[in-house]
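The values are calculated or read from the model by the stated rules, or taken from the named source; none is laboratory data. The shown structure was predicted, so the numbers you read here are calculated from the model rather than taken from an experiment. Here the Cβ is made from the backbone with ideal geometry for all residues, glycine too, and neighbour counts use every protein chain on show.
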């Protein structure tokens with residue numbers, strides 16, 4: 001399975017933040033296991049029925065006993081209901097994950113809404129707003145630059 005650029009960049013950022021290779025591997029394995037459970041519809045909660053939930057990242061503590069699961073409902077609607085349903089189902093999900101992922105201890109799962117998409121949107125808006133104003137230099141025309149660089 002190919003990793004997306006976002007996943008690869010998060011792994012690189014996590015590595016530089018002091019996260020061990022084992023934590024990263026276990027986090028990815030947990031993310032895949034939880035995503036499969038949600039995809040198969042093994043949770044029979046009415047607040048999750050017919051709802052697609054994306055597991056964007058799982059961060060595991062150094063002792064591998066706690067895991068923070070970052071989720072986002074598809075379309076971003078009904079976030080509070082989905083998060084509440086996942087928190088209610090946490091012990092059940094933990095048990096199912098324990099059977100799928102071979103670890104000495106099944107980690108305690110904490111579900112959190114992933115705010116990274118909103119943060120990225122805010123940063124993009126800020127950058128778009130300041131880009132035309134730039135660093136005080138007037139924008140150059142690529143056609144003019146090309147003529148000057150010819151040496152003619």
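Brief remarks follow.
- Selection status of residue 30, touching a strand residue (DSSP E or B) at 6+ places or on another chain (Cβ under 7 Å), loosely packed, with under 13 Cβ neighbours inside 10 Å and either touching a residue at least 60 places away in the same chain (Cβ under 8 Å) or farther than 19 Å from residue 92 by Cα (or both): no
- Filter result for residue 136 (over 18 Å from residue 30 (Cα atoms) and either out of contact with any helix residue (DSSP H, G or I) (no Cβ under 9 Å at 6 or more places or on another chain) or at pLDDT 90 or above (or both)): yes
- Selection of the range 33-54 for residues being closer than 11 Å to residue 86 by Cβ, in contact with a strand residue (DSSP E or B) (Cβ under 7 Å, 6 or more places away or on another chain) and either in a loop (DSSP other than H, G, I, E, B) or at pLDDT below 90 (or both) yields 38, 51, 53.
- Lone qualifier among 108, 104 - being modelled with pLDDT of 90 or more and exposed (fewer than 14 other Cβ atoms within 10 Å of the Cβ): 108
- Residue match in the range 52-75 (condition: surrounded by fewer than 17 Cβ atoms within 10 Å (Cβ to Cβ), in contact with a helix residue (DSSP H, G or I) (Cβ under 7 Å, 6 or more places away or on another chain) and farther than 26 Å from residue 22 by Cβ): yes
- Across the range 76-135, the number of residues qualifying as assigned to a helix (DSSP H, G or I), in contact (Cβ under 8 Å) with a residue 24 or more places away in the chain and more than 17 Å from residue 48 (Cα to Cα) comes to 4.
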